[in-house]
Amino acid sequence: MKGLSATVLYGDQGRNGVVLITTKSGAAKRRPSEITLNQSYFSNTAASLPTYGTVYGNGFQQQPGFFFSNFGPRMDQGLTIAHPIAASSVANIRNAFPQFFDADGNPVRYDFRAYPDPSEVFFRRGNIHNTSLQMSGSSDRTGFNASFGYTNEEGFIPNNTLEKFNFGLGVSSAVTDRMTINSSFTYAITDVKSPPVNAAFGSGPSGGIPSIFAHVLYTPRSVDLGGLPYENPLDRSSVYFRSGNDIVNPLWAAEYYRNSSRVNRFFNSTSLNYDFTDNFAVTYRLGLDTYTENQEVRLNRGGPSDNANVQNGIYRSIDIRNTIWNQDLVFNYNTRFSDAIGFSALLGGNYRYDVYEQNGIASVGQLTFDLFRHTNFESSAARDPFSNLPLNITEEQRRMGIYSQLTLDYNDYLFLTVLGRNDWTSTVEQENRRILYPGASLSFLPTDAFDFASSTLNSLKLRVGYGTSAGFPDPYRTRTVISQNTRGFEQGGNLFPTQGLGTVLGNPDLKPELHEEVEFGVEAALFDNRLRFDLSLYQKNTRDLITFAPIDPSTGYMNTALNIGRMRNRGMEFQATAVPLQTATGFNWESIVNFGLYRPVVTELGGGLEEIVVAGFADLGNFAIEGRPFNIIKGTGFIRDEQSGQPVVLPTGDYGTASELVELGDPNPAWTGSWINTFRYKGFTLNVMMEYRHKGVIMSNTVTATLARGVTKDPVVDREMTFILPGVKEDGSVNDIQVTASNYFFNNYHSGPDEANVFDGSTVRLRELSFGYDLPEALLGRTPFKRASVALSGTNLWFRALNFPPNMNFDTDVLGLGVGNGLGFDFVTGPSSRRIGGTLTLTF
Amino acid sequence: MKSKILSLVMGLSLVLVCSCDLDLLDDPNVPTQENASPEFLLNQVQVQFADFFNTTGNIGMRLTRMINQPSNTYQQAWIPQSFNEIWSIGYVDVLNNIALIETLVADSEVPNDRHLAIAQTLKAYTLMTLVDNFGDVPWSQALDNTNFSPQADDGESVYQAAFDALQIARANFTSDLPPVQPTDLYYGRNYDRWLRLVNTLELKYHLNRRLIDPAGSTAAINALISGGDLMQEGDDFYFQYGTSLNDPDSRHPRFAIDYTSGGNDYQSTWYMWHLTEEGFKGFNDPRVRYYLYRQVTANPTDPDKLRCISELPPAHYLIGGFPFCLPGDRGYWGRDHLNPEGIPPDNLERTVWGLYPAGGRFDNNSASPVNNPLLGNQGGGIQPIMLAAFNDFMLSEAVHTLGTTGDAREYLLSGISKHMNFVRSWSMTTNEADVIEGFQTPEAFATAVTNYLNYVGGQFDTAAGDGRMRVIAREYWLSLYGNGIEAYNLYRRTGQPDNMQPGLLPQFGTFPRSYLYPNNYLTTNANASQRAFTDRVFWDTNAADFID
């Protein structure tokens, strides 16, 4: 449910849409039991790795050298260099590998040629198995449903696994003639292990905190990642080609760095329904969603990093318990005022309580290798060594709400619904605690009203709706706190505690934000229901947007939560389903088209602010700027000539970076569409799904990490020649300064402004292709199976980002800033996944 | 009907039978403001003040060629984002907490005079530094929760506010000793030293104002000199770091950068040329082995390692006779001014920060890689904020330019010797004491100092007018290693030491006479408008373009 007019009753939790999942509780009529077994297998491979080059090797300016970059000489000249491990500046490494020295004590020669690239050596095919079993049945009064599932997934990088067990049971019972009970329980255990992933900008992971993708993507082509030893036999530390050994070997990192998360989740929803009369009923619903999670970060010592703690080994374990209680009490009444007019009413109350508790310890300084107990580390603390934030936190919040809905229907072709909800929340001060948000919707079926349904126009429905919703701030934003550190500073062996005013100014006047939406929709079925479409147009305004805004530090604080700003989002969504071909022999071709577009604009910021960083960093991120599309990306840009607008080339031959940030582009796609075709014939089904995304820029550091380093197939031709950047010189004349290939690509894609790494994200994609077969009843008659089907499918099979450099194979689905408002960034997020496999379904 | 209403009432009351407490507004994880204590707040202020000094001085050191300056031109190197941290540490971490201390002390029945005095001294230095770098800054309207767009005050009035803060500090240092005394991370509760520091800060204040008010400055400085209570040898005001690596990380930030996986910053070829025998002096500065640590003692010979050794210097370098690429051939490995190149894998070969002031290794020709945080003094370095030697250099400049009482030559030489003795004596308190003593006996050091003083004294005697100022400023600059704030002020105030190594490009932009306003101020404050590099702070009346 997307429109606010539908989700008002769900309160602020529903303001971004509601997905209603009905778990099977079983039917209330007598049915024979049924068991369904699903078994599937898929292969999991990396779908968006660049095509690596095979001509040039490690070095810079066409000379060999152990750089990060790959702008060295050609690899087909039979060149040999001193073996990288024997040529290391680190004595510890030289001494550990005597096999790389010859009889005179000189390093052996190492072939400077093209070795297998990371896509073959590092990335691999993972296997995904999923088994699930469902049973359901019912007697006269009671139905049940039980499910068991097991999933085992391997990622496309080493040591990345997910294992999940889930178990569910649902019961629906008519206890008496008037009272029914529905209850469903789900229990799931999920265990994920992975090497760490962190943001990177093309020169290694951010802040020295390891990321498995940070270095591996630009492995120089003349470095034998698969063949060189990666572990020092003496102290088990990481060994790699750089003479200063300042990059962690990706294979070592995959083996000895691990993040894990184990979640035990229990979910229950129980409702009791009592019918007072045929018209009047009351329902009480109780939901409990609780999980415990154990998160660990295990970093063995011996991996080079800018962060000394990472080098010495870190073990961080965090235990989390999160519980959500939700209760609803709802009264339902329905009646008919006359034959034509029906009426139903609903009055309900809701109470929700969220509590999050977290405890953790972080230890640094590992003694015995690969032993992760806090007692094996030199010092432990209740603070995270990276961010210095405390690991022991609790957070709780409460919501209470009362809601009501009235529905009138006239002759089943005119429906009017009026609804409203009033909430109280615990995250704002008392004066601002209450907010009322109403909604209304009207739908009309002219074909039924005026009875002109025909075989051309089978049905038509018009609907218009107005809905509102609220958003509440995160807890604890209204009062300034004191931040304290008992171990603030050490001098001469003595510890000094420190206290300081928190850097977030509490805002006692903070209020909830209000969303309002108007939606207009048309649904129709035409041509004997062979063509059905659904069009909706909407405009959503958000007022008093809660923004965590930076403020001038000269006020004494860095940030505060404010209600400022207005945002407007206009959009359209269209879906059409057609059956172009349907024959008597049973062939059926169904085609579905989806189209959507939206335009978010910041109409007002207020509060003296010109722009706010919504996600990202102060000098590169998504911004909210008055009058501009929401989330517009700003970053560093080229110095441009005032008259011609061309980028200016400095006397060094490279572009210059302008001192003010510039707008780099709008990451919101102009429109997105998909086209699904399903062909059915006698039990066979072929399903093809294509997608297209138009525009929406992406700022990609994967380009910075690979193209700018010269490892992909792109910057290959004529590297021995000189290049001239397009643009003008400082005096305005056309640029004619020649630069080397290394300078052209490295200086301008990597060290240059962010503008060079921003690309239009238009993408064509073959999202899914599947082919299935349902065994015919005749065949199954002699087997214990009631139904059987098998299907082969693949997802993310092919895509092309139309405006990215060709050999990047970039997948524009990346979400570098995670789930939130950020959009359009890739901070070496890692490749996307392609899955190919099959599923077998049997029903007994 | 009755049963229906009853059910309705019961039902609704069920909803209300809950813990209806909606007052969940105090964050349960941290103390509330009622629990703030001036003692712990002052600890935070003292630590953050050192951080403020370090962050602000970083830019000044690069502009005055004390350490390397990357990028092509000044405009490209320093964009508004570069100054964000100075602004935020200064206002949020230092000044806002000092304001809270002032409020708590005023409201408290228990006297906290010394807490207030230390806070006011640090506040004065912070305000003066903000003005020295940004010109007009918000002060009278700043630190007010209700005003999100404070107006910038004229630099001179903020300077006056700093001066007033020093007077309050003096009063609170000389009042009756209260029973509760603060933790003092600088002077260990020696309040006589604090008083002398306050006087020397007044000297700094007046010296900075000498271009706009020569008469007033002369009178005030003479009064300070005759008062006889300026900083003496042993009164050095510096922040001493610890050696704890984690929780808390209390090491000198420059040590943490260079000694984790090898050098992560470059030294300046120009500065190293001055410190070594390759310079015009022909002999080493006695402090060079304390300042710098060489990871190799011979220059690289392979152009793949360092491309510039096989290149010709740019034309303007040849004409000016500037050293290019490396200062000599004994392994002092740094970069030229405004060098924009990427970073080759020389982190275990380039020259890094040594024992003074970063707490690293003493250079006894051991020439080994520094990717180990247990080396040297393990990060227990100092921030040399206001040393007794600087006091003498300032007086030497005052005598030479204003004609205050005293002898410029005497102050110059005493400044140099005080600084050299301080470097040696502080270094002897570190873990490297045995290494130092083994390499150079105290007598050998004293001889080297005497020879140096004789040489500089001779240079001073043969120079005249501006030439003498050049000698004073050059020696002051060489003593300011680790202090970018005074170096930047010195260069703008006197124009000396002049004839500095230019950037690699023939046109390398205009020298910033002040900083740009930071991005986090411009985009959030409705009353903010950007300034230009060429804008001068209120006390700088020198001509445009007189320094580069």
Where does the stretch A:49-151 land on Rg(C-alpha)/(2.2 N^0.38 Å)?
-> 2.14
Angle between the Cα long axis of helix B:155-174 and the longest principal axis of chain B, 0 to 90 degrees, nearest 10?
-> 80
Just for the stretch A:670-843, what percent of DSSP beta bridges are antiparallel, to the closest 5?
-> 95
Expressed in nm to one decimal, what extension gain is obtained for the pair A:LEU288 and A:LEU775 from 0.36 nm per residue of sequence separation less their Cα-Cα distance?
-> 171.2 nm
Extending each Cα 7 Å along its Cβ direction at A:SER33 and A:PHE595, get the distance between those two points in nm, one decimal.
-> 5.2
Assuming R0 = 56 Å, can you tell me the calculated FRET efficiency for the pair A:SER139 and A:GLU378, based on Cβ-Cβ distance, to the nearest 0.05?
-> 0.30
Dimensions (Å) - the stretch A:670-843, Cα atoms, principal axes, largest first | 86, 37, 25
Honestly the stretch B:470-534 on the Cα gyration tensor test (a ≥ b ≥ c root eigenvalues; a/c under 1.5 rounded, otherwise a/b vs b/c for prolate or oblate) is just prolate
Please report the orientation-averaged projected area of the stretch B:253-494, defined via the convex hull of its C-alpha atoms, in nm².
-> 13.3
Once amide H atoms are built 1.01 Å from N in the peptide plane, which residues 5 or more positions from A:ARG628, or in another chain, come under 5 Å H to H?
-> A:VAL602
Starting from the stretch A:352-442, pick out the trypsin sites (Lys or Arg not before Pro) whose DSSP state is loop and whose Cβ has at most 16 other Cβ atoms within 10 Å.
-> A:ARG373
What percent does the relative contact order of the stretch A:670-843 come to when contacts are Cα pairs within less than 8 Å and at least six residues apart?
-> 25
antiparallel share of DSSP beta bridges within the protein assembly as shown, to nearest 5, in %, is 95
Cα-based helix-to-principal-axis angle, B:214-227 vs chain B, degrees rounded to 10 | 90
Centroid-to-centroid separation of the stretch B:58-87 and the stretch A:804-844 [C-alpha atoms, Å] = 40
Cα centroid separation - the stretch B:111-144 against the stretch A:185-208, whole Å | 44
Between B:ASN190 and B:ASP302, what length comes free when the chain is fully extended (0.36 nm per residue of separation minus the Cα-Cα distance, one decimal in nm)?
-> 34.9 nm
With contacts defined as alpha carbon pairs under 8 Å and 6 or more residues apart, what's the relative contact order of chain B in percent?
-> 20
Which entries in B:LYS204/B:LYS418; A:LYS511/A:LYS634; A:LYS729/B:LYS305; B:LYS123/B:LYS204; A:LYS461/A:LYS540; A:LYS682/A:LYS786 show an alpha-carbon gap greater than 24 Å?
-> A:LYS511/A:LYS634; A:LYS729/B:LYS305
Inter-label distance for B:ILE343 and A:PHE533, nm, one decimal - labels placed 7 Å from Cα along Cα-to-Cβ = 5.8
Give me the percent of DSSP beta bridges within chain B that run antiparallel, rounded to the nearest 5.
-> 80
Over chain A, relative contact order from alpha-carbon pairs under 8 Å, at least 6 apart, % | 11
May I ask you to list the trypsin sites (Lys or Arg not before Pro) in the stretch B:147-203 that are in a DSSP loop and have at most 16 other Cβ atoms within 10 Å of their Cβ?
-> B:ARG189
What GluC sites (Glu not before Pro) in the stretch A:628-694 are in a loop by DSSP, with at most 15 other Cβ atoms within 10 Å of the Cβ?
-> A:GLU642, A:GLU660
Residue by residue through the stretch A:677-693, the couplings from Karplus 6.51 cos²θ - 1.76 cosθ + 1.60 with θ = phi - 60°, in Hz, x for Gly and Pro, are 10, 10, 10, 10, 8, 6, x, 8, 9, 10, 10, 10, 10, 10, 10, 9, 10
May I ask for the angle, rounded to the nearest 10°, between helix B:191-208 and the longest principal axis of chain B, with both axes built from Cα atoms and the value confined to 0 to 90°?
-> 70
Could you please rank A:HIS83, B:HIS419, placing first whichever residue has the fewest other Cβ atoms within 10 Å of its Cβ?
-> A:HIS83, B:HIS419
Length added when fully stretched, A:PHE679-A:VAL175, from 0.36 nm per residue minus Cα-Cα = 176.9 nm
For the stretch B:341-445, what is the convex hull (Cα atoms) projected area averaged across all directions, in square nanometres?
-> 9.5
A:PRO497: net charge of surrounding residues, Cβ under 10 Å, Lys/Arg +1, Asp/Glu -1, itself excluded?
-> 0
Any idea what the alpha-carbon Rg over 2.2 N^0.38 Å comes to for the protein assembly as shown?
-> 1.05
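Throughout, read-outs are computed from the coordinates displayed, never taken from laboratory work. Computed from a predicted model, the values in this text were never measured in an experiment. Glycine gets a Cβ as well: all are built from the backbone with ideal geometry, and neighbour counts include every protein chain shown.
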